[in-house]
Structures are given as structure tokens and as C-alpha cells.
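Presented below is the structure to which this report refers.
The values are calculated or read from the model by the stated rules, or taken from the named source; none is laboratory data. Just so it is clear, the structure is predicted and the values come from calculations on it, not from any experiment. Note that we place each Cβ from the backbone using ideal geometry, even for glycine, and neighbour counts take in every protein chain shown. Side chains are part of the model used for accessible areas, which takes the heavy atoms of the whole protein and leaves out ligands, DNA and RNA. Shrake-Rupley method; radii C 1.70, N 1.55, O 1.52, S 1.80 Å.
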Amino acid sequence: MPLDLDFVRAQFPAFDVEDLGDKGFFENAGGSYMCAPVMQRLERFFRERKVQPYGPYEASRLGGEEMDEARQRMAAMLGVATDEVSFGPSTTQNTYVLAQAFRQALAPGEAIVVTDQDHEANSGPWRRLAEEGVEIREWRIDPETGHLDPKDLAALLDDKVKLVCFPHCSNVVGEINDVAGMTEIAHAAGAAVCVDGVSYAPHGLPDVGATGADIYLFSAYKTYGPHQGVMVIRRDLGEALPNQAHFFNGDALYKRFTPAGPDHAQVAACAGIADYVDLLHARHCEPSRDARVRAARVHDLQRAHETALLQPLLDYLKAKNAVRLIGPAEAEARAPTVALACHRPGAELAEALAPHEIMAGGGDFYAVRPLTALGVDPAQGVLRLSFVHYTSKEDVDRLIRALDHVL
């Protein structure tokens, strides 16, 4: 059945807020609304379990169990083992910690491949390892389309390359990369793979196990949850890299790359993301006891709804001579994160949309490298229009009307 949008929006308290529910929200790539199950778990933890977890008394025991539940249920939906999921303060911080582990593990002269399609979080920390003698090789996008060609990756690989870093999709280009195919190419050359999934995961939790990626990173606050970074590190790689946490935590895979103490309440609240996926599944699908199956079905529901809304917007934009649409013009090939380069600064255009009850963003979005590669001045920036599955056709129609005025 098609996505029941009334049911979906009823799960997000933001739509009951006068200054939010009556406007079109098109800056979801910067952070989505939080769903009610996450809010409920967060409030309960702060009210009833705000103690040191894993202790012998009831509140402590329950707090620890909720943290464990979040890890277990998220891992099951992502298709990986429970202890292969870690929570950290942000994806940027998680990537930085991983880069320090690779800094210790790599020998001078060994290489890492990065792209110029990435958000800076999955580029900058790796590039800084050049200061430690690591060779950095850049996998470059097509300067016209922003496309990242797998054939170009193959040309960069040899036995010196130990890691390949790329996004599932870029936060300005929007094209969905073939993670499984790119990972296969890297693995064939003996390299591990780190995938930035921050811009993809809000559109449906990925089957990380099926992609073959060794590291997969995304942000819970963009998947309707709290401000945490979610990090999958497959066991073989995680156990081979040097421990970055307290020495006595080195035997626990999910602790090895989170040197700071976890935010207990926010980790526990991440189970609310799984609650929300299960609510959508129960509403739309036949029952299944397999969490990965439930997540996959909900993923497909989300993508189908988003794709149907996105194509009319792309058709409208590609007919406009006043804008440059970055990335594919076919909705099936991309996420609904749409960047437009115009003669006016992106931030100015976003400001002009606000009186038309459209909430959007403008700027470089920490994507200075891809914008530069595409010939867009980062100081000018882009107007970015991003939505997720709780967006309605009426929202998109309102956006198009507003763009007619602004452009």
C-alpha cells in the first residue's frame, strides 16, 4: 500500500506546532524532525533512569538495558552484529577517532583514497593524515555532473591503498552511489571501505551488511532521532585497528572507537528510531519477525513516496534557465536533496523563500570541495531544498509556487 502520510505525520509532534506544521520544511538534510517514540524514550530516561547505568539497582539496570536495546535493534535493522554498532557524539567526531586509529595502523607511504564529492566530515580527517606520511589520493567527480565514476577508482588502486572513503550520496550532489559495486572494487585491491551514509540514511535505513562496507557512518538526528553519530565497524577491521578507548575497554568492539563516555539518555533513545520503523511496518505491511526485512520494506515505502514527490520538482527546475540543478535530473537516481546554483547567493534565496512559508537553507553546507570541483563559488553557495518521507505533495506544490516568485 502507498505511504499513509496522515499516519506518518501524526508520529511527529513538530507538525502540531503552529510555526512548523503550517510551513514547508525543506532543510531536512541539516536535521530531521524528531519522532514521538524517540522523544518518549528520551523523556522517560531523563525522568526515571538518569543514573549511572549497569548498576545493581532498578533504575540503573533498566537504563543499561535500554542502551543495549538501542544497539541491538539498530544493528538488526542495519544487517550487522550487535557489537559492530557504536554510538558517538557526532559523525564528524566518530570519523576523527577512526582517522587516529588508521594513523597508528598505517605505515609511511601507504595510501588512502578520498573523494571531492564528500561532506568535509568524511574527507578532512583522512586528508590530514598526509601530515603523518600517509599518501592521499583523490577520486574526483565529473566537474559538470558531480558523478563519481567507479572506473576512476580502479585507476587509483594498488597494493599501497589500505582504505577508500566515499559517500553513499553527497549532501549537495544527491546522486546515490553504488556502494556495493564500489566496495567490491576496493576489496578486490585489498582496501577497506569507509562510507559516509549521513545523506542517505534519512531516506531509509540501509542494509549495511549487504553493501559489504567495512565502516558505515550516519547521524541519528537526521534519522528522526537524538544528536548522536551511529557508526558500524565490521568486526575484522575493528579488531585489527588499534584501540582508541580506555585500555580496559579494548576487548569490547563497540567501545574501542568511542573514547568519550556515551550520552546514556541519547543512546537509549535511539531505540525509538527502531520503534518508529516498526510502527510504519505494522501500519503498511504484513507482519515479519525479521528486523532487517521490516527495515527494508519501510525503506522502500519511504523511497517510493519521496521519488514520486521529487520528480515533478526536478522537472520544474531543469526547465529553469536561471538555475543550475546539481546532480541527476532523474528522481530514481538520487536522494531528495537538491542543490541549486544561481546568480544570487544561496543564503539570500533561502531568506527570500521564508515569507512564502518555505524553510530551506543556503550556503556551502561544509561541501566546499564538491562545490569547488563543480565550479561553484563556495562563498556564493547554493540553495538546498531537501525533504524526507513526511513531506507532502502540498508542500512540494507550495515550494514550486514560491520558487516562481523568488527565481
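Among the listed residues LEU301, LEU317, identify the single one that is outside any loop (DSSP other than H, G, I, E, B), open to solvent by 10 Å² or more (accessible area, probe 1.4 Å) and touching a residue at least 12 places away in the same chain (Cβ under 8 Å). Walk me through how you get there before you give the answer.
On the way: LEU317 fails: open to solvent by 10 Å² or more (accessible area, probe 1.4 Å).
It is LEU301.
Do the conditions hold for ASP83, that is, is it within 21 Å of the chain's Cα centre (by Cα), over 22 Å from LEU301 (Cα atoms) and not polar (S, T, N, Q)? Taking the combined requirement at face value, the residue satisfies it.
What number of residues in region 77-91 are among the β-branched types (Val, Ile, Thr) and in a helix (DSSP H, G or I)?
Number of matching residues: 2.
With respect to (1) under 19 Å from the mean Cα position of the chain (by Cα); (2) surrounded by fewer than 19 Cβ atoms within 10 Å (Cβ to Cβ); (3) more than 18 Å from ASP118 (Cα to Cα); (4) of a type in the set (Ser, Thr, Tyr), the lone exception for TYR366 is condition (3). Every condition in (1) crowded, with 16+ Cβ neighbours inside 10 Å; (2) under 15 Å from LYS320 (Cβ atoms) is met by VAL388 except one, and the failing one is (2).
When ALA260, ALA213, ALA245 are checked against the criterion of being open to solvent by 40 Å² or more (accessible area, probe 1.4 Å), of a type outside the set (D, E, K, R) and either outside any helix (DSSP H, G or I) or without any contact (Cβ under 8 Å) to a residue 40 or more places away in the chain (or both), ALA260 stands alone in meeting it. Every test in (1) of a type in the set (D, E, K, R); (2) open to solvent by 10 Å² or more (accessible area, probe 1.4 Å); (3) assigned to a helix (DSSP H, G or I); (4) within 22 Å of LYS393 (Cα to Cα) is passed by ARG292 save one, and that test is (4). Among the residues of region 391-407, the ones that are open to solvent by 10 Å² or more (accessible area, probe 1.4 Å) and touching an Asp or Glu at 6+ places or on another chain (Cβ under 9 Å) come to 1 in all.
Residues that are out of contact with any Lys or Arg (no Cβ under 6 Å at 6 or more places or on another chain), open to solvent by 30 Å² or more (accessible area, probe 1.4 Å) and closer than 22 Å to GLU306 by Cβ do occur in region 333-340, at least one of them.
Beta carbons closer than 7 Å, at least 6 apart along the sequence or on distinct chains, pair a first residue in region 394-407 that is under 16 Å from GLY21 (Cα atoms) and touching a residue at least 24 places away in the same chain (Cβ under 8 Å) with a second that is part of a helix (DSSP H, G or I) and open to solvent by 10 Å² or more (accessible area, probe 1.4 Å) for VAL396/LEU309; VAL396/PRO312.
What are the residues in region 216-242 that are part of a loop (DSSP other than H, G, I, E, B) and either on the phi < 0 side of the Ramachandran plot or over 12 Å from the mean Cα position of the chain (by Cα) (or both), if any?
Taking region 216-242 first, the residues part of a loop (DSSP other than H, G, I, E, B) are 223-228, 234, 241-242.
Answer for region 216-242, where residues must be part of a loop (DSSP other than H, G, I, E, B) and either on the phi < 0 side of the Ramachandran plot or over 12 Å from the mean Cα position of the chain (by Cα) (or both): THR223, GLY225, PRO226, HIS227, GLN228, ARG234, LEU241, PRO242.
Scanning region 115-143 for residues that are farther than 17 Å from PRO167 by Cα and free of Cβ contacts under 8 Å to residues at least 24 places away in the same chain, we see that the one that is farthest from the chain's Cα centre (by Cα) is GLU131. Can you find a residue in region 6-18 that is among the small types (Gly, Ala, Ser), surrounded by fewer than 21 Cβ atoms within 10 Å (Cβ to Cβ) and assigned to a helix (DSSP H, G or I)? Checked region 6-18: at least one residue is among the small types (Gly, Ala, Ser), surrounded by fewer than 21 Cβ atoms within 10 Å (Cβ to Cβ) and assigned to a helix (DSSP H, G or I).
From the residues in region 369-385 that are in a loop (DSSP other than H, G, I, E, B) and more than 21 Å from ALA319 (Cβ to Cβ), which one is least open to solvent (accessible area, probe 1.4 Å)? Don't jump to the end; show me each part of the working.
Of all residues in region 369-385, those in a loop (DSSP other than H, G, I, E, B) come to 374-381.
Narrowing further to those that are more than 21 Å from ALA319 (Cβ to Cβ): 375, 377-381.
On the way: GLY375: 68, ASP377: 89, PRO378: 34, ALA379: 93, GLN380: 55, GLY381: 2 Å².
Selected residue: GLY381.
Checking each residue in region 104-121 for being in contact with a Leu (Cβ under 7 Å, 6 or more places away or on another chain) and crowded, with 17+ Cβ neighbours inside 10 Å picks out ILE112, VAL113, THR115, GLN117.
Looking at the structure I just gave you, is ARG324 open to solvent by 20 Å² or more (accessible area, probe 1.4 Å), part of a helix (DSSP H, G or I), touching a residue at least 12 places away in the same chain (Cβ under 8 Å) and among the basic types (Lys, Arg)? In short, no.
Close Cβ contacts (under 9 Å, 6 or more residues apart or on different chains) running from residues in region 40-68 that are outside any helix (DSSP H, G or I) to residues that are hydroxyl-bearing (Ser, Thr, Tyr) comprise ARG49/SER60; VAL51/TYR57; VAL51/SER60; GLN52/SER60; PRO53/SER60; TYR54/SER60.
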